[in-house]
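First up is the structure itself, then whatever we jot down about it.
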Amino acid sequence: MSWELRFPKQLLDKVVARKYQNIPLPPGAVVCEYIWIDGTGEELRSKAKTLHYQPKQAEDCPVWDFDGSGTKQAGGSNSDMYLFPVAIFDDPFRGRPNKLVLCEVYAYNRKPTGSNKRHSCADAMNQCLEEGPWFGVEQDYMLIDHDGYPYGWPKGGYPGPEGQYYCAVGTGKIFGRDVSEAHYRACLYAGIKVSGFNSNVMPGQWGFQIGPCEGVSVGDHLWVARYIVHRVAEDFGLSVSFDPKPVTGDWSGAGAHTNFSCLSMRQNNGISFIEKAIGRLSANHERHIKAYDPREGKDNTRRLTGLNKTSHIQDFSAGVANRGASIRIPRHIVAVGRGYFQDRRPASNCDPYSVAEYLARTCLLQE
Ligand code: ADP
């Protein structure tokens, strides 16, 4: 057996890379990985910058720029874009004191670009501060092999039907646990509010939960958690798909179920405000569907079919413990009479800033 076969090149590369990762940085140097959402509204980009001091908060990191013509964010003639740091986390790849720095993107005229959904989300959140909106997102994703095939699936064929993979244990049922486990630890190290993870309904599909987070920060934590899972998967020679229907046919889709509450819902008898909010959502179904994937509902058309524990994209429904409804009120929330509800419509590739923004605008600001 050749060395190459016994020791895949991917792993060999990592052993060599470790030698260089262990080179100490000069005293006082901090490497900041600036991260931003590109012009697609669903892909992430990043580049590194050396600082010679320790940033304590996002505002301590300088505004930077990049070439927007390489990120689907600008034409070639006026392509300088600005990166405004908005949230910092510890870098689990380079280790402390290095940082991951999430940025908002602004055009040359200092206006937010089209895929900068954080700006208007923050605006909405600032208008309902006294209601303290909280969000928790359950992010589904699919591991993809180097050949573009779902990870763990027999090449050119299909695995056994769903029913044996969700929260499963054992060879033949679990594919890629190392990736998910590494991602979870890396998120905790970074300071991401990740509350759990589990294997999902399709083989090779996983999910993790972010939150509860207040206001715009849910998007900051979720986007950086997405960045981290892409980076971890790279190390395993795999990639991550956030496509809401990664495999066509009778296979589950992938969502970003979003749990939402505000002060009036969390107080005694908050259930009556939850019902009021659901009434408002029912009157605004179409605009929510438009905001819940990067293609104004086109992606969700493939996923929200009314099958595989989804509601149909054209219908709005709400129900207690009903996983086939647009909105689910968990049974334990009805029992205590207060808490939160779950919006099951957001696609796995949604922008959480848009989801949070529209929940706040419809349910709280009544716009
Ligand atoms: P369960 O396991 O019964 O579904 P959890 O307490 O684990 O309930 O919470 C599920 C999700 O709901 C998590 O993503 C969490 O962040 C979110 N969540 C919990 N409480 C709230 C709340 N008051 N407001 C918004 N989201 C919440």
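The values are calculated or read from the model by the stated rules, or taken from the named source; none is laboratory data. It should be emphasised that the depicted structure is a prediction, and the values quoted were computed from it without experimental measurement. Methodologically, a virtual Cβ is constructed for each residue, glycine included, from the backbone with ideal geometry; neighbour enumeration extends over all protein chains shown.
Is at least one residue of region 313-327 surrounded by fewer than 14 Cβ atoms within 10 Å (Cβ to Cβ), of a type in the set (Lys, Arg) and closer than 21 Å to Phe135 by Cα? Taking every residue of region 313-327 in turn, at least one turns out to be surrounded by fewer than 14 Cβ atoms within 10 Å (Cβ to Cβ), of a type in the set (Lys, Arg) and closer than 21 Å to Phe135 by Cα.
Examine region 173-187 for a residue that is among the aliphatic types (A, V, I, L, M), surrounded by fewer than 17 Cβ atoms within 10 Å (Cβ to Cβ) and more than 16 Å from the ligand (Cβ to nearest atom), and state whether such a residue exists. If you could, list the steps in order and put the result at the bottom.
We begin by selecting, within region 173-187, every residue among the aliphatic types (A, V, I, L, M); these are 174, 179, 182, 186.
Now restrict to residues that are surrounded by fewer than 17 Cβ atoms within 10 Å (Cβ to Cβ): none.
Among the residues of region 173-187, not one is among the aliphatic types (A, V, I, L, M), surrounded by fewer than 17 Cβ atoms within 10 Å (Cβ to Cβ) and more than 16 Å from the ligand (Cβ to nearest atom), which makes the answer no.
For region 255-267, filtering for residues that are among the aliphatic types (A, V, I, L, M) and either surrounded by fewer than 22 Cβ atoms within 10 Å (Cβ to Cβ) or away from the ligand (no atom under 16 Å from the Cβ) (or both) leaves 1.
Number of residues in region 198-214 that are more than 11 Å from the ligand (Cβ to nearest atom) and surrounded by fewer than 21 Cβ atoms within 10 Å (Cβ to Cβ): the value is 1. Take the conditions (1) away from the ligand (no atom under 16 Å from the Cβ); (2) part of a helix (DSSP H, G or I); Pro246 misses just one of them, which is (2).
Being hydroxyl-bearing (Ser, Thr, Tyr) and surrounded by 14 or more Cβ atoms within 10 Å (Cβ to Cβ) is the requirement here; does Tyr82 meet it? Can you show your working first?
Working: hydroxyl-bearing (Ser, Thr, Tyr): yes; surrounded by 14 or more Cβ atoms within 10 Å (Cβ to Cβ): yes.
Here the answer is yes, as Tyr82 does meet what is asked.
Between Ser195, Ser252, the distinction of being within 11 Å of the ligand (Cβ to nearest atom), outside any helix (DSSP H, G or I) and assigned by TED's automatic domain parsing to the domain that holds Gly157 belongs to Ser195 only.
Conditions tested, residue by residue: (1) under 25 Å from Ser115 (Cβ atoms); (2) touching a strand residue (DSSP E or B) at 6+ places or on another chain (Cβ under 7 Å); (3) free of Cβ contacts under 8 Å to residues at least 12 places away in the same chain.
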residue	(1), (2), (3)
Ile271	no, no, no
Asp293	yes, yes, no
Lys298	yes, no, yes
Leu307	no, no, no
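Can you name every residue in region 117-149 that is under 13 Å from Pro203 (Cβ atoms) and either in contact with a strand residue (DSSP E or B) (Cβ under 6 Å, 6 or more places away or on another chain) or crowded, with 21+ Cβ neighbours inside 10 Å (or both)? Hits for region 117-149 are Met142, Leu143, Ile144.
Residues checked against (1) touching a Gly at 6+ places or on another chain (Cβ under 6 Å); (2) under 20 Å from Ser239 (Cβ atoms); (3) within 16 Å of the ligand (Cβ to nearest atom); (4) not aliphatic (A, V, I, L, M):
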site: Gly114; (1), (2), (3), (4): no, no, no, yes
site: Lys117; (1), (2), (3), (4): no, no, no, yes
site: Ala124; (1), (2), (3), (4): no, no, no, no
site: Gly152; (1), (2), (3), (4): yes, yes, no, yes
site: Tyr166; (1), (2), (3), (4): no, no, yes, yes
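For Arg45, are the conditions met, namely being at pLDDT 95 or above, surrounded by 18 or more Cβ atoms within 10 Å (Cβ to Cβ) and not assigned by TED's automatic domain parsing to the domain that holds Ala291? Spelling it out, Arg45 is indeed at pLDDT 95 or above, surrounded by 18 or more Cβ atoms within 10 Å (Cβ to Cβ) and not assigned by TED's automatic domain parsing to the domain that holds Ala291. Would you be able to say whether some residue in region 293-302 is under 16 Å from Tyr358 (Cβ atoms), within 16 Å of the ligand (Cβ to nearest atom) and surrounded by 15 or more Cβ atoms within 10 Å (Cβ to Cβ)? For region 293-302, residues under 16 Å from Tyr358 (Cβ atoms), within 16 Å of the ligand (Cβ to nearest atom) and surrounded by 15 or more Cβ atoms within 10 Å (Cβ to Cβ): absent.
On the given criteria, is Asp123 in contact with a His (Cβ under 9 Å, 6 or more places away or on another chain) and closer than 29 Å to Ser195 by Cα? Quick ask: steps written out before the conclusion?
Working: in contact with a His (Cβ under 9 Å, 6 or more places away or on another chain): no; closer than 29 Å to Ser195 by Cα: yes.
It is false that Asp123 is in contact with a His (Cβ under 9 Å, 6 or more places away or on another chain) and closer than 29 Å to Ser195 by Cα.
From the list Leu307, Leu365, the lone residue that is modelled with pLDDT of 95 or more and either hydroxyl-bearing (Ser, Thr, Tyr) or in a loop (DSSP other than H, G, I, E, B) (or both) is Leu365.
For residues that are of a type in the set (A, V, I, L, M, F, W, C) and assigned to a loop (DSSP other than H, G, I, E, B), tally how many sit in region 169-192. So the count comes out to 3. Arg287 satisfies every condition listed in (1) surrounded by fewer than 17 Cβ atoms within 10 Å (Cβ to Cβ); (2) of a type outside the set (Asp, Glu); (3) touching a helix residue (DSSP H, G or I) at 6+ places or on another chain (Cβ under 6 Å) except (3). Just checking, does region 221-234 include any residue being on the phi > 0 side of the Ramachandran plot and either in contact (Cβ under 8 Å) with a residue 24 or more places away in the chain or away from the ligand (no atom under 16 Å from the Cβ) (or both)? No, region 221-234 contains no residue that is on the phi > 0 side of the Ramachandran plot and either in contact (Cβ under 8 Å) with a residue 24 or more places away in the chain or away from the ligand (no atom under 16 Å from the Cβ) (or both).
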